[in-house]
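Notes follow once the structure below has been shown.
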């Protein structure tokens with residue numbers, strides 16, 4: 001019963017990251033997530049994973065390896081968004097803006 005409770009708690013904690021990973025990957029928007037939060041999640045995941053390995057606690061190892069992987073996906077999405085050049089955005093049909101603060105320019109409609 002205790003082992004089941006440990007796995008259940010681990011599953012709930014791990015699943016709490018899934019909606020954020022889905023949203024971050026789908027929208028490629030992570031600007032509202034602080035780097036401090038992400039780094040703390042990654043460091044905490046590594047620390048708990050190390051603890052779980054040292055104590056041979058399977059629930060802790062599985063949960064924190066998964067949490068670390070999910071947090072790494074969010075961090076990679078955030079990092080990728082920072083280093084990737086800003087692509088042209090289509091604001092309205094026939095109008096294109098290339099970056100914030102620039103004037104939109106007219107473009108030829110696609111055939």
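The values are calculated or read from the model by the stated rules, or taken from the named source; none is laboratory data. Source: prediction; values computed, not measured. Cβ atoms come from the backbone with ideal geometry, glycine included; neighbour counts cover every protein chain shown.
Values computed for the structure shown
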quantity	calculated
Search result, residues across the range 2-60 that are surrounded by fewer than 14 Cβ atoms within 10 Å (Cβ to Cβ), in contact (Cβ under 8 Å) with a residue 24 or more places away in the chain and assigned to a loop (DSSP other than H, G, I, E, B)	28, 29, 31
Test result for residue 38, within 26 Å of residue 2 (Cα to Cα) and at pLDDT 80 or above	no
